[in-house]
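The values are calculated or read from the model by the stated rules, or taken from the named source; none is laboratory data. Quick caveat, the model's predicted, so the values are computed rather than measured. When we count neighbours, we look across all protein chains shown, and the Cβ atoms used for this are built from the backbone with ideal geometry, even at glycine. Accessible surface is based on the protein model in full, side chains and every heavy atom, while ligands, DNA and RNA are left aside. Shrake-Rupley method; radii C 1.70, N 1.55, O 1.52, S 1.80 Å.
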Amino acid sequence: MKGHHSKFLGKYAMTSFLLIVCLFAGVSVPARADADTADRAAAGSNSMEAAFKSAAQEFHVPLSILMSVSYNETRWEQHNGQPSTSGGYGVMHLTQVNSLPDLNAKGDGSLTVSSASTSVDPALHTLDQASALIGTRPDLLKTDPVQNIRGGAALLAEYERQTTGKLSENPSDWYGAVTKYSGSSAQVSAEDFADQVYATINQGMKRSTPEGQNVQLVSVQITPNKKTADSLHLQKTAAANPDGPGGVDMQYVPALYKQFSSDPGDYGNYDLANRPYDGLDIRYIIIHDSEVSYDGTINTFLRQTYTSANYVIRSSDGQITEMLPPKNVAWQAGNWYINSHSVGIEHEGFAVEGSTWYSEPMFRASAKLVKYLAKRYNIPLDRQHILGHDNVPGLNPSYQRGMHWDPAIYWDWSHYFDLLGAPFTSQKQSKGLGAKKQIVTINPNFNKNQPAVTYNGQPLNPHPSDFVYLYSEPSFNAPLLQDPIIHPTGTGTTAINDWSDKAVAGQSFYQADVQGDWTAIDYDGQKAWFYNPNGQNASAGSGMLMTPKQGKSAIPVYGSAYPETDAFAQLNIPAVNRTPLSSIPAGQKYVGTGPFGSDYYYAQIFNAPGTYHVVKGNEEFYQINFNHRIAFVKKSDVDVVSE
């Protein structure tokens, strides 16, 4: 069976390289901003608005243009002076990228880090340009939001002179300057950014930032003069890729598919298929972060690494690289059953540090891609089908212990689903529902939710996060929840990579109890408590509930929906055993979806589709939100109960 030998680990265990992040980037505790900078940023809840107005007047930039550019780069967030995954600083996302980490793969499949390459792209050095324009030290533009806004305004003014020869008082004439500010040389990507800037101006925007700033952009109807971008001579891309949405910068770079030795079973980096026409439905989209640079990720999938993904997305401008069509099976999720039914998307980013942050252009491009794929393959836009790698279960207990945990706690699932048009808050908040039995959806306020987190025993600075801690009792003094696989002894921890005691935004669970400010859910076969005063960390949810069939004291929970042994025998294929991950005791209820038939994709030989088979079983399964990860239960083991 492919995957038993270590050289095939990529097919079953990893794409996102979190185990090697320390090799190329190191792990550091994010530095705090200077005290005087923090004081200035917190001087008033509308001081950022004042800074925008002042900079707009100083550099003769229309206020609506300046504010909307900032919103579409960073959503008006300063991020404590820490860089984005593409080296952008502050509310104007001024870039300073002196080198790009890269990752190479040896011929034996091991991974090594190459020397960092020097960046010469001017779009990656806008912070230094802005610093020169306003005569202020570059480091101040990183930490001082006022100087950062001044730098961004000066840069926009310079771009306006370059594109139109003057500083126009008409916001419609700034389309070319905004297009250049995107940093992209591809027409479709640069103009998409500018179009979004003007759309934001037309609709208006109001937001409270994590720094406590209340910022409002008043709606003004402006039709952009798109001819002002003609002088940029942007690159026109080829016709839209059939495996991606329109209106995005997208390229196709085929991942390596090659036999690596005389053994026809030794090949990579993916499997040929013809989904969904071969009987394998595409049911999931898996969100990863790459832990290496955009180019490094692409290069890894071009080498003998036994790992791949269908798409890779760049942080700076959201460029998408398709590496294998969705019809083929990427070796990306660490679970062959999930691989067989999913599309994997790698995002340039770093989950561990918490000092870097995922860029808004990448979020928008990713959401466009996911909406396209969801529509094409009839995938529901919910957290039972749009999964993080951290939501994918292991195939058995030993795999479960080592499963990846990206994109981790700093991925803003709530904002992502807003962009998908499927917000978690579309239903009534659970405030005031008391002890009524119901389904709740985990939904903390991402910006205000900044729990204490550690890595390698060291505390990370407070940072917006997407999870709630789970306790064994309704008290902060109680032990954190213990997962018997992750923590055979002891309890859960505050480590960022300890997923066992963390329920994530968008996940729905059965509300088992309420005591004061605490809510209990059925989780991991246990009763888990999270702090939820006035329902601030959960929304009212809906869905099917599954409970062990009457008369059963407990039922097994699996990491796949593989068929029964007899189904393999009919095709003379070695059976793949199902090993339970855990169990659900009588009386507990879990939110799920289904039922669907069991199957297994048998593909063991390089480039021999005639030998590939989709093994179909008679047993049916439901998928459930079991703990931090999804899981599967047999239809014959459960009763579906109504709320």
Filter result for ALA38 (in a loop (DSSP other than H, G, I, E, B), small (Gly, Ala, Ser), modelled with pLDDT under 50 and open to solvent by 30 Å² or more (accessible area, probe 1.4 Å)):
no
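Residues checked against (1) in contact (Cβ under 8 Å) with a residue 24 or more places away in the chain; (2) in contact with a Lys or Arg (Cβ under 7 Å, 6 or more places away or on another chain):
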residue	(1), (2)
PRO474	yes, no
ASN477	no, no
ILE486	yes, yes
SER500	yes, no
For residues in region 85-109 being outside any loop (DSSP other than H, G, I, E, B) and at pLDDT 70 or above, which is most open to solvent (accessible area, probe 1.4 Å)?
TYR89
Scanning region 623-643 for residues that are of a type outside the set (S, T, N, Q) and open to solvent by less than 20 Å² (accessible area, probe 1.4 Å) gives ILE624, PHE626, HIS628, ARG629, ILE630, ALA631, PHE632, VAL633, ASP637, VAL638
What number of residues within region 561-616 are farther than 22 Å from ILE338 by Cβ and among the small types (Gly, Ala, Ser)?
5
Does SER359 satisfy the criteria of being among the hydroxyl-bearing types (Ser, Thr, Tyr), more than 30 Å from VAL614 (Cβ to Cβ), in contact with a helix residue (DSSP H, G or I) (Cβ under 6 Å, 6 or more places away or on another chain) and open to solvent by less than 10 Å² (accessible area, probe 1.4 Å)?
no
Listed residues ALA199, ALA154; which is in a helix (DSSP H, G or I), of a type in the set (A, V, I, L, M, F, W, C) and without any contact (Cβ under 8 Å) to a residue 40 or more places away in the chain?
ALA199
In region 536-595, the residues that are touching a helix residue (DSSP H, G or I) at 6+ places or on another chain (Cβ under 6 Å) and among the aliphatic types (A, V, I, L, M)
ILE555, ALA575, LEU581
Hey, any hits in region 502-523 for a residue that's in a strand (DSSP E or B), of a type in the set (A, V, I, L, M), without any contact (Cβ under 8 Å) to a residue 60 or more places away in the chain and open to solvent by 10 Å² or more (accessible area, probe 1.4 Å)?
no
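Within the group ILE282, ILE286, which residue is at pLDDT 95 or above and part of a strand (DSSP E or B)?
After ruling out the rest, the residue left standing is ILE286.
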Just checking, does region 248-260 include any residue being over 23 Å from the mean Cα position of the chain (by Cα), open to solvent by less than 30 Å² (accessible area, probe 1.4 Å) and among the aromatic types (Phe, Trp, Tyr)?
no
Please go through region 202-220 and pick out each residue that is open to solvent by less than 50 Å² (accessible area, probe 1.4 Å), touching a strand residue (DSSP E or B) at 6+ places or on another chain (Cβ under 7 Å) and not in a loop (DSSP other than H, G, I, E, B).
MET205, ARG207, VAL215, LEU217
Conditions (1) exposed (fewer than 15 other Cβ atoms within 10 Å of the Cβ); (2) at pLDDT 90 or above; (3) hydrophobic (A, V, I, L, M, F, W, C); number of the one not met by ALA240
(2)
Quick count over region 350-394, residues being modelled with pLDDT of 95 or more and assigned to a loop (DSSP other than H, G, I, E, B), is 11
Please go through region 119-151 and pick out each residue that is open to solvent by 40 Å² or more (accessible area, probe 1.4 Å), among the β-branched types (Val, Ile, Thr) and part of a helix (DSSP H, G or I).
VAL146
Which residue pairs have Cβ atoms closer than 6 Å, lie 6 or more positions apart in sequence or on different chains, and pair a first residue in region 552-580 that is surrounded by 16 or more Cβ atoms within 10 Å (Cβ to Cβ) with a second residue that is β-branched (Val, Ile, Thr) and in a loop (DSSP other than H, G, I, E, B)?
TYR562/VAL576
